[in-house]
């Protein structure tokens with residue numbers, strides 16, 4: 001994990017961390033020659049806050065956050081030392097942009113360098129209906145991370161898009177956010193609801209273990225960073241045999 005966390009810290013002048021820009025659709029995004037992972041979830045679930053926490057040790061990278069739902073309107077792309085790109089997707093559900101479904105679905109279907117997509121779910125509520133739709137979409141494509149707000153659990157919106165992305169055949173990985181806001185009993189309930197929802201949705205490509213993270217106190221970030229480093233080919237795992 002130490003090796004992976006160093007990728008998200010300034011270690012020398014040769015490292016390059018840069019915000020590449022905001023894009024309304026995949027046709028105007030950077031070339032598909034760098035491994036890419038993306039973050040998606042319902043409005044105000046904490047996508048930008050999670051990215052800001054992951055980049056906290058890099059003063060040159062500023063991730064704008066807001067308590068207003070629907071703050072992220074386009075696909076924001078960050079370059080991590082020319083090793084991989086991180087994409088902050090628009091939020092779905094309340095106040096989502098009109099172009100959300102067409103632009104996001106086009107991105108998921110056409111981005112050949114896309115290795116994972118993180119879909120956030122609020123740990124205090126659990127999966128929502130829109131997450132079902134998200135899963136339907138992903139099951140038809142390649143590989144995705146689903147991030148849920150750990151403080152409220154999976155909402156109806158989460159369930160809607162979970163199902164949508166599942167149909168795109170994207171291997172999924174769920175992440176529960178805001179776990180610092182969830183009481184222990186509520187957090188356990190959210191985790192169980194996510195696992196149950198995953199099984200009932202028959203998302204065969206879904207990563208079995210959900211990640212639990214907090215943007216406020218940094219809990220769970222090291223595990224998430226290590227997994228990102230691994231799936232983008234920047235961290236080798238030795239065989240236990």
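The values are calculated or read from the model by the stated rules, or taken from the named source; none is laboratory data. The structure displayed is predicted, hence computed values, not measured ones. Don't worry about glycine lacking a Cβ; one is built from the backbone with ideal geometry, like all the others, and counts go over all protein chains shown.
Listed values, structure above:
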item: Residue match in the range 122-139 (condition: within 13 Å of the chain's Cα centre (by Cα), at pLDDT 85 or above and crowded, with 24+ Cβ neighbours inside 10 Å); result: yes
item: Residue list for the range 7-38, restricted to those being surrounded by 14 or more Cβ atoms within 10 Å (Cβ to Cβ), in a loop (DSSP other than H, G, I, E, B), in contact with a strand residue (DSSP E or B) (Cβ under 7 Å, 6 or more places away or on another chain) and modelled with pLDDT under 90; result: 30
item: Where residue 230 falls short, out of the listed (1) surrounded by fewer than 19 Cβ atoms within 10 Å (Cβ to Cβ); (2) at pLDDT below 90; result: (2)
item: Residue satisfying condition, being surrounded by fewer than 16 Cβ atoms within 10 Å (Cβ to Cβ), modelled with pLDDT of 80 or more and farther than 20 Å from residue 155 by Cα, within set 98, 60, 82; result: 82
